[in-house]
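The next block holds one structure in the form of structure tokens; read it before the comments.
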4 protein chains.
Amino acid sequence: MNTFGRNFIVSLFGESHGEAIGVVLDGVPAGIPLTVEDFVSDIRRRKSGGKGTTPRIEADEPVILSGVYEDHTTGAPLAILFKNTNTHSSDYDILQQVPRPGHADFVADVKFDSFNDPRGGGHFSGRLTLPIVAAGVVAKKAIASVLEGEEEEPARGKGSASGKGSEPTPCDIKAKIVEPGGIRRSNNSEKKWREALDAATAEGDSLGAVVECVIREVPVGLGEPFFNSLESCISHAIFSIPGVRGIEFGDGFKAAAMKGSEHNDPFGPDGHPVKNGAGGINGGISNGEDIVFRVAFKPTSSIAKEQQTLNFVTDKMTALSVPGRHDVCFALRTPVIVEAMAALVLADQLV
Amino acid sequence: MNTFGRNFIVSLFGESHGEAIGVVLDGVPAGIPLTVEDFVSDIRRRKSGGKGTTPRIEADEPVILSGVYEDHTTGAPLAILFKNTNTHSSDYDILQQVPRPGHADFVADVKFDSFNDPRGGGHFSGRLTLPIVAAGVVAKKAIASVLEGEEEEPARGKGSASGKGSEPTPCDIKAKIVEPGGIRRSNNSEKKWREALDAATAEGDSLGAVVECVIREVPVGLGEPFFNSLESCISHAIFSIPGVRGIEFGDGFKAAAMKGSEHNDPFGPDGHPVKNGAGGINGGISNGEDIVFRVAFKPTSSIAKEQQTLNFVTDKMTALSVPGRHDVCFALRTPVIVEAMAALVLADQLV
Amino acid sequence: MNTFGRNFIVSLFGESHGEAIGVVLDGVPAGIPLTVEDFVSDIRRRKSGGKGTTPRIEADEPVILSGVYEDHTTGAPLAILFKNTNTHSSDYDILQQVPRPGHADFVADVKFDSFNDPRGGGHFSGRLTLPIVAAGVVAKKAIASVLEGEEEEPARGKGSASGKGSEPTPCDIKAKIVEPGGIRRSNNSEKKWREALDAATAEGDSLGAVVECVIREVPVGLGEPFFNSLESCISHAIFSIPGVRGIEFGDGFKAAAMKGSEHNDPFGPDGHPVKNGAGGINGGISNGEDIVFRVAFKPTSSIAKEQQTLNFVTDKMTALSVPGRHDVCFALRTPVIVEAMAALVLADQLV
Amino acid sequence: MNTFGRNFIVSLFGESHGEAIGVVLDGVPAGIPLTVEDFVSDIRRRKSGGKGTTPRIEADEPVILSGVYEDHTTGAPLAILFKNTNTHSSDYDILQQVPRPGHADFVADVKFDSFNDPRGGGHFSGRLTLPIVAAGVVAKKAIASVLEGEEEEPARGKGSASGKGSEPTPCDIKAKIVEPGGIRRSNNSEKKWREALDAATAEGDSLGAVVECVIREVPVGLGEPFFNSLESCISHAIFSIPGVRGIEFGDGFKAAAMKGSEHNDPFGPDGHPVKNGAGGINGGISNGEDIVFRVAFKPTSSIAKEQQTLNFVTDKMTALSVPGRHDVCFALRTPVIVEAMAALVLADQLV
């Protein structure tokens, strides 16, 4: 189902080349200040146009259909709509018989009995992460509202709840690329990365990346011992982002090669764990330390470089160069999506 | 909440040193042959007693309280109980003021306002994975029942649905340790691993491991495009197992360092992807290939080796050597738990 | 929460005088033929304009934003939008300090901390039943699709699935007014009812009604023994319609005054119960007979007739004559809403 | 599904003649004082043995398996078990081919493909209302705990939270029979009722009743505008009790015959509605007045009096006199069950 959450419920809809995409949020507390300007910053972070991203540029202007009155949330469901305008559907006609490798074309065709909308991936499109980012903006504000008990407009000049200067807000969520194309961040890695990006672009190929997300100032006690451990809920949301191949918390996969005396986290004199190898979660429950997790994104599946693959109609192998406009490294646009998903999880626990 | 599933619903209860632990399964199809003997094999795989596991040995005999009549499921909720017998509660008295590093003692105390049962970790205990394994047995049989359409007893000598000789059953789920203590499987790694285990035992320390799970013969179409992608549902269940630090599907974290032309999976002449780098899932939906995922387990948190940690009552650092009987590498007992969790997810999709 | 269903999930949004109202349906099977024309008949039945209904007339034209491609459902979420056009918000300004008797003004103000949209009742407005009727249209088609296994267009001239001449379709749902204004249907009651309506209109007063719904050709086995008995699910949906005061199945409240030998329903020679006093449901589960239930609707709360009520700002009693355009008997417009809710329940059980 | 609630989750299991019946409660707040003594009073109210009830008497002693430590709830799932002891299974053997009129025998057989446990109605038995009453006891205490903020033992001599002398506790829930066997309560109706009961007993027949439930001291704001209106949630729970035929709130079915000026509830000088014809709920949301609803229970289906019904094996009509020990009027035992269901709903909203 395309619905997430138990208390802060997100319902996603839309197709890449349909009339509009959007999201309905149910369970948003009343009284949170909200206008379309609040969405600008996060939506811009997801936008294409930079090096390594697609030249398909959409206006991406949110329309708030309901749930807001006089610039505050009303407590009723909040519906946000984005029109689709810049669509080139003819690009996709040929692909109906040649499912694109790495894409959902094949499974969608089987699951939905060929009734799925094939244009631009239809409902499977990465474009659907736009309303998710919008939902994340509301979730971040809901979290701040619940934890700060502040329901008034912040003082002018201080900016929105999610970007208040250096002092961390409650559940401050920040994600960034830490390993673009397999290159670890270091003094001179920025140059290597640009070169790798240029090379991939030239070859019609693509790159992946690892994104790290850190959530600061988390209250102790979020999550449950078993089936709704905080890692369960976060990973559930993160694997809803197209192209994720793995997730790890704290020491992650390295923990499997450590000894207990190395990985364990004794409490220091200040009552805090010394190392945070658990990534802020023990027994499924937040322990008050920074929640730290890393997400592996695959390289973009749509590549111009020729791939030999099957034509399911002719039953013959064929050379495919995926047409259309695509990101060389879509992962560059994902940190704000990772943040949005984390925010949806925390809002669901907190409201 | 300690409840999982939408159609095949699991409710877990119990504490390590309470009277009994158990599970209620709601949504089990009627007519599946089921007796206590069906649980023997999987429960034995989880059992302690082997090298690197705790000497606390429980009878672990399931009592079926409801939902079975004349050795077949009735369609009514199935309740399974395990008595706790071999409990040494006095071991834990001293730990209430010194939360054990890596354990849930601290968060449980905060979340439940000190009302949690502290004996043996209470509800947070790994012992709760026993009813999960039992639930997994029922889930495996439910999956087979739905996919095979077979509701009669299998012919004698063929064994249970989950272990029918060499021919894979539908959704055949198999998990095993692939990297014990950071040592990759190879010709001579078995010896290295036993040495590492002996060394850790001698030092009072502990080890972790990576478990790989492969699910064969999966129907195409399980999962949803966004919030209930198959990876979302599987990771949700897997992170409910105590001690998991990461999960990856197919090429996993390596995918983030690959090029699109390397990671992508063109369809071969037989209509199957050539490499299965996606781990059997595209766009959140099973594509019919083997589902492959790896799970990182941390080293056992309870170690005899001294750790310097805080006494929250005296507010002074103290040397802690965790008493009680513990696994040196609890991950050795987890493959069957990983299988059970995977089975719960698939059963929930299929029933 | 404004979300209903487990498999066929409905998310409702919008306010009476906001930009638009609508609904998102998740879990709609792929391949059901669907165009905006399919909504015309049911939407017209809900429309105002007849005797005893409000002169506020809206275009009520559905816009399908997603989930339909080439006139068939795609299996992705289906979003349907209705613009609000004919709004007179100034009518409601004075009512913010004098909560209208029988309305949600008071509770909305408390629950949402005065942030609710007060115009026309905001999200509480009966106007929200319009997208519910639209959802019901899709639900009825989904039910027919599942039960008939027919996913093609019906032959021309046969009409839509919900109105196929005299032969009942599977789960054929029909609701009608059986007791308008407390007047039982009989030979000459139609005249009495028109007189009562005229009198109420003249007095600025309002009337209620009892609606009866009959569902024919129901498969045996829908519902669950306890918490999701079919009556539980139907009543849950029905009490979501504004203004419902009661519901009864089969013999209903009369059953409480009957003897077992009168109310019991022995099976006749044809294997069917003789009387259907149970209203088609035994033990929470459909028994294959007609499901029959009756719903009591209160009289319209908005009346022009003066009511003495409290002004919560001045703390003084005041005479209130509710302005605006209202139904004298809104229940006249509800049979199609009752059908829609019943359809949502059955679709949720069947898809 | 046999699971109820979103925050305070109830999972019911067991069969009438199985080993045990019980319930798992997930979401119980930590720190509520709870011992087996707390269940005595409500369980006794449900017990048989009085005039018009069955002579089958069970010990009905709850065993708390988990979730309680040192006489307080721990926050972990609470499992409560009742052993079945006094079972006469041979009574039911003959009924497998002659489904009892008014019972679930027929639908259970179809829905569960003849795998259901037929003994004593199996999972459909009214005996399952025993763990529901136990769940209600915990729910009542959870409500009091949340609303009073009191988590300590009440002072000795004051009794349990649900029966504190004359001063109403928050959400004080009280149900009673108001119309036994169709006889309205009045000065001399008690005698009439006893005569009706004696007559029914003598004839081997049975009687029904109407139960009224009043909930006092309800906070304003419980419930939601549409799909989870408070009436929706209460009716959902109430129709989970076997034998319910109808429910109405406030003026109920009478409201359908009233004028708006009669049914409407203006606010008086004290800020309270004058009449409470809405039964404490407006727009789906509690308005702070007493919640008042009435429930129609059918007469007991099991009667000794002969009924002509079909033998589904011989395909011939046969005279059936239902053997076994049954209530002449099982509704006499239901007020405490109605209270329990109401408490489950309120606890789910409040915890």
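The figures follow:
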{"quantity": "Neighbours by Cβ (under 6 Å, 6+ apart or cross-chain): first from the range B:202-216, more than 14 Å from B:Cys329 (Cβ to Cβ); second in a strand (DSSP E or B) and of a type in the set (A, V, I, L, M)", "calculated": "B:Glu212/B:Val178; B:Cys213/B:Ala175; B:Val214/B:Val292; B:Ile215/B:Ile173; B:Ile215/B:Ile291"}
{"quantity": "Selected residue [closer than 30 Å to B:Ala319 by Cα, open to solvent by 10 Å² or more (accessible area, probe 1.4 Å) and in contact with a strand residue (DSSP E or B) (Cβ under 6 Å, 6 or more places away or on another chain)] from A:Asp290, A:Asp270", "calculated": "A:Asp290"}
{"quantity": "Among residues of the range A:95-139, those that are within 11 Å of chain B (Cβ to nearest Cβ), part of a loop (DSSP other than H, G, I, E, B), over 30 Å from A:Glu37 (Cα atoms) and touching a residue at least 12 places away in the same chain (Cβ under 8 Å), counted", "calculated": "7"}
{"quantity": "The listed residue being over 23 Å from the mean Cα position of the chain (by Cα) and not hydroxyl-bearing (Ser, Thr, Tyr), out of A:Leu34, A:Leu95", "calculated": "A:Leu95"}
{"quantity": "Condition met for B:Gly75 (at positive phi, surrounded by 19 or more Cβ atoms within 10 Å (Cβ to Cβ), modelled with pLDDT of 95 or more and touching a Phe, Trp or Tyr at 6+ places or on another chain (Cβ under 7 Å))", "calculated": "yes"}
{"quantity": "The range B:140-161, residues that are part of a loop (DSSP other than H, G, I, E, B) and either modelled with pLDDT under 50 or open to solvent by less than 10 Å² (accessible area, probe 1.4 Å) (or both)", "calculated": "B:Glu150, B:Glu151, B:Glu152, B:Glu153, B:Pro154, B:Ala155, B:Arg156, B:Gly157, B:Lys158, B:Gly159, B:Ser160"}
{"quantity": "Filtered residue count, the range D:1-56, keeping only those that are more than 14 Å from every other protein chain (Cβ to nearest Cβ), farther than 12 Å from D:Ala134 by Cβ and in contact with a strand residue (DSSP E or B) (Cβ under 9 Å, 6 or more places away or on another chain)", "calculated": "1"}
{"quantity": "Yes/no for D:Ile80 being at pLDDT 95 or above, in contact with a helix residue (DSSP H, G or I) (Cβ under 7 Å, 6 or more places away or on another chain), part of a strand (DSSP E or B) and open to solvent by 10 Å² or more (accessible area, probe 1.4 Å)", "calculated": "no"}
{"quantity": "Residue that is nearest to B:Glu339 (Cα to Cα), among those in the range B:251-262 that are at the interface with chain A (Cβ under 7 Å from one of its Cβ atoms) and open to solvent by 10 Å² or more (accessible area, probe 1.4 Å)", "calculated": "B:Asp251"}
{"quantity": "Residue tally, condition without any contact (Cβ under 8 Å) to a residue 40 or more places away in the chain and closer than 24 Å to D:Asn86 by Cβ, over the range D:20-57", "calculated": "6"}
{"quantity": "Set C:Thr73, C:Thr3: member being in contact with a Gly (Cβ under 7 Å, 6 or more places away or on another chain), within 21 Å of C:Leu346 (Cα to Cα) and of a type in the set (Val, Ile, Thr)", "calculated": "C:Thr73"}
{"quantity": "Among (1) in a loop (DSSP other than H, G, I, E, B); (2) within 11 Å of another protein chain (Cβ to nearest Cβ), the one test that A:Ala296 misses", "calculated": "(1)"}
{"quantity": "Members of the range B:227-238 that are within 7 Å of chain A (Cβ to nearest Cβ) and in contact with a Gly (Cβ under 8 Å, 6 or more places away or on another chain)", "calculated": "B:Asn228, B:Ser229, B:Glu231, B:Ser232"}
{"quantity": "Scope the range B:263-287; condition closer than 20 Å to B:Glu339 by Cβ, of a type outside the set (S, T, N, Q) and assigned to a loop (DSSP other than H, G, I, E, B); matching residues", "calculated": "B:Gly279, B:Gly280"}
{"quantity": "Among (1) under 21 Å from A:Cys213 (Cα atoms); (2) facing chain B (nearest Cβ under 7 Å); (3) hydrophobic (A, V, I, L, M, F, W, C) - the single one A:Val274 does not satisfy", "calculated": "(2)"}
{"quantity": "Condition check for B:Glu248: of a type in the set (Asp, Glu) and farther than 21 Å from A:Pro101 by Cβ", "calculated": "no"}
{"quantity": "Subset of the range B:185-210 [buried (at least 16 other Cβ atoms within 10 Å of the Cβ) and in a helix (DSSP H, G or I)]", "calculated": "B:Trp193, B:Ala196, B:Leu197, B:Ala200, B:Thr201"}
{"quantity": "Residues of the range C:1-22 satisfying the condition of being of a type in the set (A, V, I, L, M, F, W, C), part of a strand (DSSP E or B) and crowded, with 24+ Cβ neighbours inside 10 Å", "calculated": "C:Phe4, C:Val10, C:Leu12, C:Phe13, C:Ile21"}
{"quantity": "Cross-chain or 6+ apart pairs with Cβ under 8 Å, the range A:233-252 first and at pLDDT below 95, then open to solvent by less than 10 Å² (accessible area, probe 1.4 Å)", "calculated": "none"}
{"quantity": "Qualifying residue in the range B:308-328 (condition: acidic (Asp, Glu) and more than 27 Å from the chain's Cα centre (by Cα))", "calculated": "yes"}
{"quantity": "Of all residues making up the range C:299-330, the number that are in a loop (DSSP other than H, G, I, E, B), β-branched (Val, Ile, Thr) and open to solvent by 30 Å² or more (accessible area, probe 1.4 Å)", "calculated": "2"}
{"quantity": "Hits in the range A:91-105 - residues which are at pLDDT 90 or above and either under 16 Å from B:Gly279 (Cα atoms) or not hydrophobic (A, V, I, L, M, F, W, C) (or both)", "calculated": "A:Pro99, A:Arg100, A:Pro101, A:Gly102, A:His103, A:Ala104, A:Asp105"}
{"quantity": "Verdict on C:Gly14 being modelled with pLDDT of 95 or more and farther than 29 Å from C:Val322 by Cα", "calculated": "no"}
{"quantity": "Matching residues, the range C:95-130, being among the acidic types (Asp, Glu) and open to solvent by less than 10 Å² (accessible area, probe 1.4 Å)", "calculated": "C:Asp117"}
{"quantity": "Subset of the range C:211-244 [within 13 Å of the chain's Cα centre (by Cα) and either open to solvent by less than 10 Å² (accessible area, probe 1.4 Å) or farther than 23 Å from C:Ile177 by Cβ (or both)]", "calculated": "C:Val211, C:Cys213, C:Ile234, C:Ser235, C:Ala237, C:Ile238, C:Phe239, C:Ser240, C:Ile241, C:Val244"}
{"quantity": "Matching residues in the range A:216-241 - criterion: being at negative phi, outside any helix (DSSP H, G or I) and in contact with a Phe, Trp or Tyr (Cβ under 9 Å, 6 or more places away or on another chain)", "calculated": "A:Val220, A:Pro225, A:Phe226, A:Phe227, A:Asn228, A:Ser229, A:Phe239, A:Ser240, A:Ile241"}
{"quantity": "Those residues of the range B:30-53 which are open to solvent by 30 Å² or more (accessible area, probe 1.4 Å) and of a type outside the set (D, E, K, R), in sequence order", "calculated": "B:Thr35, B:Val36, B:Val40, B:Ser41, B:Gly49, B:Gly50"}
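The values are calculated or read from the model by the stated rules, or taken from the named source; none is laboratory data. Predicted, not measured: the structure shown is a model, and the values here were computed from it. Note that we place each Cβ from the backbone using ideal geometry, even for glycine, and neighbour counts take in every protein chain shown. SASA here: full protein model, heavy atoms, side chains in, ligands and nucleic acids out. Shrake-Rupley method; radii C 1.70, N 1.55, O 1.52, S 1.80 Å.
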